[in-house]
Amino acid sequence: MYAPAQDLPDRSATERDFFKSRSYLEKHYGLELTDYRSLPYPYNLLMAEKELHRKLRVKDKYRHLKIMEQENSEICLTIEETFDEEFCLYYIPVMPIYQLWQNEAYVPCAELLTAVCAYLYAEAGISYYRDEDTYMYCNYEALEEWISDDWGDGEEDEYAHEKSALENAKIQGDFIQAKMMETGFRQSLDSLIANFNAVSEFEKDCLAVAQTCLKLGQEFPNANLFRHASLQDYEVEDYEDNYVGMHEYISFIGSINDNLSERLKSMVNDDFNERARYQEPEITTIFNEAQPAYTNELAYEQRAFGLIDDLCTLLYRKP
């Protein structure tokens with residue numbers, strides 16, 4: 001089961017620290033753990049660690065167990081908890097909402113979805129591609145330069161089409177942003193929901209997304225999607241760290257179904273492929289002392305990602 005190293009840590013201190021830390025972890029998560037202290041050292045620690053890995057597993061979460069040596073040389077356990085999900089892009093297109101605003105029959109839907117976006121922008125903290133100094137703003141600027149540089153090499157019609165698409169992304173993005181920031185608009189979501197008459201499947205889905213958003217805001221007041229972002233001690237904007245920041249893969253964008261958006265996706269993928277890891281919501285608990293009973297501190301982020309998924313699915317298939 002194990003091959004002991006020739007130079008093991010001191011048995012008495014290591015066992016004492018490990019099992020004391022494990023007792024803190026056991027109470028924090030409400031686990032029932034086996035007492036392995038009577039087994040030979042270090043087999044007892046290995047068996048205890050193996051049991052922890054098994055009992056810490058939970059659906060939709062990833063819990064990474066570490067054994068750390070602190071500055072005072074004491075041993076303790078730590079847990080890094082995040083989501084058990086593959087990396088994906090959370091890009092919310094606003095141009096489909098603009099199109100809803102232009103159709104009188106769908107203005108009530110546009111109001112609902114704009115209010116949802118207003119919440120995600122102003123409360124959840126998701127960046128908007130028309131705001132300077134955001135990752136997406138820089139990408140759109142780069143697209144504009146590329147389109148101008150390609151003018152001499154491409155067809156005139158293709159240049160005019162891409163230039164028009166870029167201008168539409170700017171104009172329509174500014175329109176939606178202005179709507180989102182109208183005084184009291186974000187706070188009117190509950191009344192918009194109360195007065196909304198859903199008949200078609202699309203309208204029912206709009207209502208469901210809005211209700212999910214309203215409930216999320218009510219249950220988690222003053223919450224922010226980035227409050228538990230990992231790597232808080234690093235400048236994630238610094239490419240030397242080789243990380244993709246949350247603000248880079250979660251953002252509002254213009255469209256998702258034209259040549260311009262395809263070029264944008266290609267730019268983003270090429271950029272991210274050069275980096276090794278990505279920032280994500282994460283909670284780290286150090287069991288060097290007793291900790292309060294476990295609460296799902298990432299519940300808000302988990303539900304916010306679900307809301308973004310539902311919103312994007314709806315906008316991708318618009319009526």
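The values are calculated or read from the model by the stated rules, or taken from the named source; none is laboratory data. Being a predicted model, the structure only gives us computed values, none of them experimental. When we count neighbours, we look across all protein chains shown, and the Cβ atoms used for this are built from the backbone with ideal geometry, even at glycine.
So which residues in the range 75-109 are assigned to a helix (DSSP H, G or I) and in contact (Cβ under 8 Å) with a residue 40 or more places away in the chain?
Filtering the range 75-109 for residues assigned to a helix (DSSP H, G or I) gives 95-101, 104-109.
Passing the criteria: Met95, Pro96, Ile97, Tyr98, Gln99, Leu100, Trp101, Tyr106, Pro108, Cys109.
Examine the range 3-22 for a residue that is outside any helix (DSSP H, G or I) and either within 34 Å of the chain's Cα centre (by Cα) or under 30 Å from Asn296 (Cα atoms) (or both), and state whether such a residue exists. Give the steps one after another, and end with the answer.
Residues of the range 3-22 outside any helix (DSSP H, G or I): 3-10.
Now restrict to residues that are either within 34 Å of the chain's Cα centre (by Cα) or under 30 Å from Asn296 (Cα atoms) (or both): none.
Looking through the range 3-22, none of the residues is outside any helix (DSSP H, G or I) and either within 34 Å of the chain's Cα centre (by Cα) or under 30 Å from Asn296 (Cα atoms) (or both).
Which of the residues that make up the range 1-50 are of a type in the set (Asp, Glu) and more than 20 Å from Ser73 (Cβ to Cβ)?
Within the range 1-50, the first condition is being of a type in the set (Asp, Glu), and the residues that meet it are 7, 10, 15, 17, 26, 32, 35, 49.
Across the range 1-50, the qualifying residues are Glu26, Glu32, Asp35.
Might you let me know whether the range 266-280 holds any residue that is more than 30 Å from Ile147 (Cβ to Cβ), buried (at least 16 other Cβ atoms within 10 Å of the Cβ) and at pLDDT below 95?
Within the range 266-280 (the criterion being more than 30 Å from Ile147 (Cβ to Cβ), buried (at least 16 other Cβ atoms within 10 Å of the Cβ) and at pLDDT below 95), the answer is yes, since at least one residue qualifies.
Which pairs turn up if I take residues in the range 125-151 that are assigned by TED's automatic domain parsing to the domain that holds Asp258 and surrounded by fewer than 18 Cβ atoms within 10 Å (Cβ to Cβ) and look for partners that are assigned to a loop (DSSP other than H, G, I, E, B) and of a type in the set (S, T, N, Q) with beta carbon separation below 6 Å, at least 6 apart in sequence or on another chain?
So the pair list comes out as Gly125/Asn224.
Among the residues of the range 67-88, which ones are under 20 Å from the mean Cα position of the chain (by Cα) and exposed (fewer than 15 other Cβ atoms within 10 Å of the Cβ)?
Within the range 67-88, the subset under 20 Å from the mean Cα position of the chain (by Cα) is 79-88.
Those that are under 20 Å from the mean Cα position of the chain (by Cα) and exposed (fewer than 15 other Cβ atoms within 10 Å of the Cβ): Glu80, Asp84, Glu85, Glu86, Phe87, Cys88.
Out of all the residues in the range 185-211, which are more than 27 Å from the chain's Cα centre (by Cα) and surrounded by fewer than 16 Cβ atoms within 10 Å (Cβ to Cβ)?
Of everything in the range 185-211, those that are more than 27 Å from the chain's Cα centre (by Cα) and surrounded by fewer than 16 Cβ atoms within 10 Å (Cβ to Cβ) turn out to be Ser191, Ala194, Asn195, Asn197, Val199, Ser200, Glu201.
Does Tyr62 count as in contact with a Pro (Cβ under 8 Å, 6 or more places away or on another chain) and surrounded by fewer than 22 Cβ atoms within 10 Å (Cβ to Cβ)? Outline the logic, then answer.
Numbers: in contact with a Pro (Cβ under 8 Å, 6 or more places away or on another chain): no; surrounded by fewer than 22 Cβ atoms within 10 Å (Cβ to Cβ): yes.
No.
Every residue in the range 212-232 that is more than 17 Å from the chain's Cα centre (by Cα) and aliphatic (A, V, I, L, M), please.
Leu214
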